[in-house]
Amino acid sequence: MPEDSGNKLTMVTCSAPVNIAVIKYWGKRDEELILPINSSLSVTLHQDQLKTTTTVACSRSFQEDRIWLNGKEEDITQPRLQSCLREIRRLARKRRSDGEADVDTAGLSNKVHICSVNNFPTAAGLASSAAGYACLVYTLSRVMGVEGELSVVSRQGSGSACRSMYGGFVQWIMGQQGDGKDSLAQQVEPETHWPELRVLVLVVSSERKPVGSTSGMQTSVETSSLLKHRADSVVPARMKEMIEAVHKRDFTTFAELTMKDSNQFHATCLDTYPPIFYLNDVSRHVINLVHRYNRHYRETKVAYTFDAGPNAVIYTLQQNVEEFVQVVKHLFPPETNGGQFLKGLPVAPTTLSEELKQAIGMEPMVKGISYIISTKAGPGPRMVEDPSEHLLGSDGLPKESA
């Protein structure tokens, strides 16, 4: 690992992906260990479009642990950050006491400086905490020589972070044990399994969501009888069906389960008392659009899912991307003076038939969608080899650009 001999500065930079659940996680049975009331399944999105990058530096000269997120120093004593730091250090000490030769023993007593940036809006329903904690845990593990089941550690930072520890299609098995050792992520299929599957993130709003996920799901667990029914009676069968649909690359089943599960998740938010509203008028417009589009073709060509925020994530197959993006542009006209409306993987423009426009038959909504991110399934966390990409300088402080 890179080391500055003068300062005895060890520095590692890694990146980690966002994941978007198709079978949702909502509700914990243990708040401290972050153990869920049901299993969940997600698609890891490609880091070329959406990722968190984290640099961890470790030095004898550091006086205390410090963290900077998106250019701003944050409180390192935050309990979930502390859980991840404590657990990685414990695992490193255990490896050392087990006589593992490659553990950096000096680093165990040294303080760390952590600098992390997202290339997408934080806390706007784009799974920023999942990518953030996955990246933190993965980078710390590389600095301190820890190997093994890291999803159990990242889960203690943010539940869905455990699913960002792998690429492709990933399930978070809820587990049964009180200590949470069997509540972990497992890859169902790698990112190469379904190359035709494409993802469009319709960014409705980059603003912070009004009710954070943590407080929202706690209230749901306490007040929603629908949530209990969902966890006990609906999700177990859905998980089996979804895993089979992924194995078989059965888009119709995958898409319909994805939409039904998103709708049920938001129904449990409405069943929460007082109710929680993550969807807005634009979100509902997108839902309507998808159903009208599918009805026109008499097949399920496109699916939507919404996490705890108004942004729509669209799953479709490669052959439908160009037309559906054009439909979105037609219904949500981009601002003429706005920036780039379509980001990520290129999508060629196309023309819509009058028949399709009439079948959709909805009024355009100006300024409804800020931009679209075009992406696909991608790999799990990885190390960034180029030292120039470190977010911290040789003094252990953030570089200006970070």
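The values are calculated or read from the model by the stated rules, or taken from the named source; none is laboratory data. Note that the structure is predicted; figures quoted are calculated from it, not measured. For neighbour counting, all protein chains shown are included, and Cβ atoms are generated from backbone atoms with ideal geometry for every residue, glycine included. The protein model used for the area step is the full one, side chains on, heavy atoms only, and it has no ligands, DNA or RNA in it. Shrake-Rupley method; radii C 1.70, N 1.55, O 1.52, S 1.80 Å.
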Rel. contact order, % - alpha carbon contacts under 8 angstrom, at least six apart, the chain: 23
Quotient of Cα Rg and 2.2 N^0.38 Å for segment 197-376, N being how many residues it contains: 1.08
Other-chain or far-sequence residues with amide H under 5 Å of Ile276's (modelled H): Leu270
Residue-normalised accessible area of the chain, given per residue in Å² at a 1.4 Å probe: 43
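Kindly state, as a whole number, the per residue volume in cubic angstrom of the convex hull around the alpha carbon atoms of the chain.
Taking the convex hull of the Cα positions in the chain, it is 143 Å³ per residue.
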Label-point gap, in nm, between Gln218 and Glu32 - each point 7 angstrom along Cα→Cβ: 1.4
Computed E for Thr77/Ser388 - FRET, C-beta separation, R0 22 angstrom, nearest 0.05: 0.10
Peptides ranked, highest mean first, by Cβ atoms within 10 Å: ranges 311-318, 36-43, 296-303: 36-43, 311-318, 296-303
Spin-label model distance (nm) - Asp65 vs Asp250, 7 Å beyond Cα toward Cβ: 4.6
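What is the percent carbon and sulfur in the accessible area of segment 197-376, measuring with a 1.4 Å probe over the protein chains and ignoring ligands? Intermediate values should be presented prior to the final figure.
On the way: 4250 of 8610 Å².
The value for segment 197-376 is 49 percent carbon and sulfur by accessible area.
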Angle in degrees between helix 79-97 and the longest Cα principal axis of the chain, rounded to the nearest 10: 50
Accessible surface of Leu33 - all protein chains present, 1.4 Å probe, nearest 10 Å²: 50
Inter-site label distance for Ala359 and His296 at 7 Å from Cα along Cβ, in nm: 0.6
Within segment 303-365, GluC sites (Glu not before Pro) in DSSP loop having at most 16 other beta-carbon neighbours inside 10 Å: Glu335
